[in-house]
1. Would you mind calculating the gained length between I31 and Y151 on full extension (0.36 nm times residue separation, minus the Cα-Cα distance), in nm to one decimal?
2. If I stretch the segment between V162 and L177 completely, what's the gain in nm (0.36 nm per residue apart, minus their alpha carbon distance), one decimal?
3. Okay, helix-only estimate at 222 nm for the chain: each DSSP H run of n ≥ 4 adds -39500 (n - 2.57), divide by all residues, round to 500 deg cm²/dmol; what do you get?
4. Hey, got the dipole for segment 30-187? About the Cα centre, +1 on K and R Cβ, -1 on D and E Cβ, debye to the nearest 20?
5. Please give me the summed charge of the neighbours of F147: other residues whose Cβ is under 11 Å from its Cβ, Lys and Arg +1, Asp and Glu -1.
6. Running a GNM on the chain with Cα contacts under 10 Å, which residue among V115, V127, V28 ends up with the highest mean-square fluctuation?
7. Please give the length that would be gained between A15 and I131 if that part of the chain were fully extended, namely 0.36 nm times their separation in residues minus their C-alpha to C-alpha distance (nm, one decimal).
8. Can you run the Rg to Rh ratio on segment 84-187? Use alpha carbon positions and the Kirkwood inverse-distance Rh.
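The values are calculated or read from the model by the stated rules, or taken from the named source; none is laboratory data. Keep in mind the model is a prediction, meaning the values are calculated, not measured. All Cβ positions, even for glycine, are placed from backbone atoms using ideal geometry, and neighbour counts span all protein chains on display. When the accessible area is computed, the model is the full protein with side chains, heavy atoms only, and any ligands, DNA or RNA have been set aside. Shrake-Rupley method; radii C 1.70, N 1.55, O 1.52, S 1.80 Å.
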Amino acid sequence: GQGVPRYVSRSDTEAEKRGVWLFSLLFVLTISSIVALLIVIVLFSRVERIIDSAQAFMLLLFFAASIPFFAGMRTGVGAIRGFENTIYRTYTKHIAYPTGRILLLITFVFLEFGVLSAGYAYFVSSVAAFILSHIYLSKLMALSGSFNSNYREILSFSLPLVVSTFTFRLLTEIDTLMIGYFLSSTQ
């Protein structure tokens, strides 16, 4: 989230900017797909113990499938930030994604999709926001062409931030995780 705008804004040539974006996008999509796959594997192996219904399992599958698209959208928005374009960033991250999620949720509830309405809404809005962020990014730079990537520099800047962000999130939400682990959903 911070490495892409930092290095896009500091890059001199379009090939370097494209390299930062492309490396970051591929790295984020790979890691987030692995995380989504691990979530699905854990859910599938313990589905009868932690989930009460098949619909709840499907809902969690939709949320897991949304992870790579959401992460890819954040990378696109980060690159847009690197170009110091607040309009496209606002349209994608603060208007299209949340508004689309709410409108889709209302639509799917109205169409009587039940609990899966939330999963459909998150998945479709994540895919749409991912596409929209890269459409806007393509207006700022050509997404295809030659690229130069200094991936070591990007990783050395970003990995400590990832670890500190993960640790902070874990510490602020550990109580909820502990309650969910030690108590049943009825309690």
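1. Values: separation 120, 0.36 × 120 = 43.20 nm, distance 1.51 nm.
Full extension of this stretch gives 41.7 nm more.
2. 3.4 nm
3. Only helices count here, giving -27000 deg cm²/dmol.
4. 400 debye
5. Neighbourhood net charge equals 0.
6. Greatest mean-square fluctuation among the candidates belongs to V115.
7. On the way: separation 116, 0.36 × 116 = 41.76 nm, distance 2.14 nm.
Length gained between A15 and I131: 39.6 nm.
8. Working: Rg = 19.3 Å, Rh = 17.5 Å.
Result for segment 84-187 is an Rg/Rh of 1.10.
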